[in-house]
Amino acid sequence: MSDTNTVARRLEVRDAHENALDVLSDAFVVHHRNLLDNPAETLHSVERARDLRRMVAVDDVGTGPESLTLLPLIEPDIIVLAPELARRDPDTAAARTVHVVAAQAERTGALIVARGVDSEDDRARALALGATFGVGEMYSNWQPSVGAMHDAHVPPTWNTPTSKSTSPFDIAADGRIVTPSSKKLLVAMSTQIEWQAASAGADTMTLGTFQHARRFGHRTRRRWNTMARRIAYTGVYGIAMDTLSDPGITHFALDPADPLVEEWNVVVLGQFFCCVLSAREVRRVDDKDDERDRLFEYVVSHDRATVVRCARAILSRAGKG
């Protein structure tokens, strides 16, 4: 938190001191740069905080599309809006933030806190943004009363515990029909999902596992470069993938011994569209053989919890790309 004051006051009440609550001082705070710079460590730290029964907060939500990408992955107890949202007149970016945050809060019951509440006008804007509590100069002298912390109870928002499996295919296939397919159909299905991801909104995250960098061919790279210009985060994984460079795409090299090398995954996670296409190769071909002879078994899911678990399983392999 960039504000030193952690006391948040209930915004719709002007004068009651019992509505000043210290809901932030013991929270584990995540910034979107933490996730983008080191996904595996960030997700591990969040799980560790929850094991210690600490609340988890995502800070500076609304500073950009990347700040919204964390919300479905982390499912924070507290969503802290960036101070500029309360201090300026609304625009299309603020409207997008309101929609995304409202959807997340509706799904999980997260508490929305506005920073930058320094005046009565700021308070009114924060309320319009959907915030319940505010932090800022307007409340700098307020302290929570004895017993008021009972009102700060935040219901559990961790609706999607991380799967014990580290295989997106196993996660997606659990309880679902697995279908055999040639490569040709999977390419067409992947292309359709990529198109939907590019249109899903700037806060969308898309992850792809391609087995080996040589499978991330020129046509696919062009599509993914186009998609990366339109969404918040794009990550690709495969053996020797770190030898490639594409603007806006984070490349992660997989260990050849990693079972993920046997899978082909496209995972799209946005607030209003989510999907996973997961396939596992069941008949390999040598590089000199016809690619059309490759045979897979695949599963598709639009279930949000499944998509979140698949995204976490992939990101858990990623330090700095």
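The values are calculated or read from the model by the stated rules, or taken from the named source; none is laboratory data. Every value quoted in this text rests on a predicted model; they were computed, and no experiment measured them. Counting neighbours? That spans all protein chains shown, and the Cβs are built from the backbone with ideal geometry, glycine included. Accessible surface areas use protein heavy atoms only, side chains included; no ligands, DNA or RNA. Shrake-Rupley method; radii C 1.70, N 1.55, O 1.52, S 1.80 Å.
Overview of values
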{"item": "Test: residue in the stretch 268-284 that is more than 23 Å from Arg176 (Cα to Cα) and open to solvent by 30 Å² or more (accessible area, probe 1.4 Å)", "result": "yes"}
{"item": "Number of positions in the stretch 54-68 that are in contact with a helix residue (DSSP H, G or I) (Cβ under 7 Å, 6 or more places away or on another chain) and surrounded by 21 or more Cβ atoms within 10 Å (Cβ to Cβ)", "result": "7"}
{"item": "Residue list for the stretch 72-91, restricted to those being open to solvent by 20 Å² or more (accessible area, probe 1.4 Å) and under 22 Å from Leu269 (Cβ atoms)", "result": "none"}
{"item": "Strands (runs of 3 or more DSSP E) completely within the stretch 40-135 that count 3 or more residues being over 23 Å from Ala232 (Cα atoms), more than 21 Å from the chain's Cα centre (by Cα) and modelled with pLDDT under 90", "result": "133-135"}
{"item": "Number of the condition not met by Asp59 [criteria: (1) under 21 Å from Arg309 (Cα atoms); (2) without any contact (Cβ under 8 Å) to a residue 60 or more places away in the chain]", "result": "(1)"}
{"item": "Residue under evaluation Glu281, criteria (1) under 24 Å from Asp242 (Cβ atoms); (2) assigned to a strand (DSSP E or B); (3) at pLDDT 95 or above, criterion not met", "result": "(3)"}
{"item": "Total residues in the stretch 197-231, condition open to solvent by less than 20 Å² (accessible area, probe 1.4 Å) and within 16 Å of Leu36 (Cα to Cα)", "result": "8"}
